[in-house]
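The values are calculated or read from the model by the stated rules, or taken from the named source; none is laboratory data. The model shown is predicted, which means the values in this text are computed figures rather than measured ones. Cβ sites come from the backbone with ideal geometry, for glycine too, and all protein chains shown count toward neighbours. Protein only, heavy atoms only, side chains kept; ligands, DNA and RNA dropped before computing areas. Shrake-Rupley method; radii C 1.70, N 1.55, O 1.52, S 1.80 Å.
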Amino acid sequence: DAGITQSPRHKVTETGTPVTLRCHQTENHRYMYWYRQDPGHGLRLIHYSYGVKDTDKGEVSDGYSVSRSKTEDFLLTLESATSSQTSVYFCATGQGTSTDTQYFGPGTRLTVL
Amino acid sequence: DAKTTQPTSMDCAEGRAANLPCNHSTISGNEYVYWYRQIHSQGPQYIIHGLKNNETNEMASLIITEDRKSSTLILPHATLRDTAVYYCIVRLPRGDDKIIFGKGTRLHILP
């Protein structure tokens, strides 16, 4: 498996507080992704990055921002957490070539009360 | 919406081959077929992918029909650890082409 770690693995927070989730990779992959997984919806792409300081929106980006200041780190920030953002968040990485695919981290379970 | 159709669930006896079908009748010429699985509470795990030729790796085999409108993932000797949700995904092999996960097939390996 690709060396992908996520921190924290579990977090409980209150509505209105800021939250930052971190994804760290050791594979030097160009692309990094943030997904959320909810019952009945499967995995949905929030944001992705195609290089340092290069990011783009996914299908459910409202309420989220991201930053990538180093190849190995991709941060997901909830500026003001809401209960609808309670979910399991997965980071993924990949090279984006025809022989490559995406490798997923272990996930972060976030609960917003 | 996902571009693939998979059965909701399947059972397979331990030690037997598990054959998971997937329909992707609208696949375009340069889209690949990817398979992932997700074991409970873990992140999705890549299994295999292919364009038009059959593929095999240490985990599984992928059989793609000649018209590319369907495929089958084969786990040759299923074990209890293969119990998971299996996702068939069609996409371009580009980093900016997102993976759209449908509902997948829940595979139960029976002892």
Taking the conditions exactly as written (under 15 Å from the mean Cα position of the chain (by Cα), within 13 Å of chain A (Cβ to nearest Cβ) and among the small types (Gly, Ala, Ser)), does B:Gly95 satisfy them or not? no
Among the numbered criteria (1) among the charged types (D, E, K, R); (2) touching a residue at least 12 places away in the same chain (Cβ under 8 Å); (3) open to solvent by less than 40 Å² (accessible area, probe 1.4 Å), which single criterion is violated by B:Arg16? (3)
Just checking, which of A:Phe90, A:Phe74 is assigned to a strand (DSSP E or B), among the aromatic types (Phe, Trp, Tyr) and facing another protein chain (nearest Cβ under 8 Å)? A:Phe90
Output yes when any residue across the range A:50-64 is in a strand (DSSP E or B), of a type in the set (Phe, Trp, Tyr), facing another protein chain (nearest Cβ under 7 Å) and surrounded by fewer than 19 Cβ atoms within 10 Å (Cβ to Cβ), and no when none is. yes
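Table: residues versus (1) under 13 Å from A:Val19 (Cβ atoms); (2) in contact (Cβ under 8 Å) with a residue 40 or more places away in the chain.
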{"site": "A:Leu45", "(1), (2)": "no, no"}
{"site": "A:Asp54", "(1), (2)": "no, no"}
{"site": "A:Asp62", "(1), (2)": "no, no"}
{"site": "A:Thr77", "(1), (2)": "yes, yes"}
{"site": "A:Val88", "(1), (2)": "no, yes"}
{"site": "A:Thr93", "(1), (2)": "no, yes"}
{"site": "A:Thr101", "(1), (2)": "no, no"}
{"site": "A:Thr111", "(1), (2)": "yes, yes"}
Selection status of B:Gln42, surrounded by 17 or more Cβ atoms within 10 Å (Cβ to Cβ) and in contact with a Pro (Cβ under 8 Å, 6 or more places away or on another chain): no
Those residues that are outside any loop (DSSP other than H, G, I, E, B) and within 14 Å of chain A (Cβ to nearest Cβ), I need them from the range B:6-46; list them, please. B:Tyr32, B:Val33, B:Tyr34, B:Trp35, B:Tyr36, B:Arg37, B:Gln38, B:Gln45, B:Tyr46
Filter the range B:47-82 for residues that are farther than 15 Å from B:Ser28 by Cβ, surrounded by 19 or more Cβ atoms within 10 Å (Cβ to Cβ) and more than 14 Å from every other protein chain (Cβ to nearest Cβ) and give the result. B:Leu73, B:Leu75, B:Ala78, B:Asp82
For the range B:3-12, indicate whether the set of residues that are open to solvent by 70 Å² or more (accessible area, probe 1.4 Å), closer than 25 Å to A:Gly58 by Cα and among the basic types (Lys, Arg) is non-empty. yes
Within the range A:65-93, of all residues that are surrounded by 14 or more Cβ atoms within 10 Å (Cβ to Cβ), of a type in the set (S, T, N, Q) and over 13 Å from the mean Cα position of the chain (by Cα), the one farthest from A:Gly40 (Cα to Cα) is A:Thr71
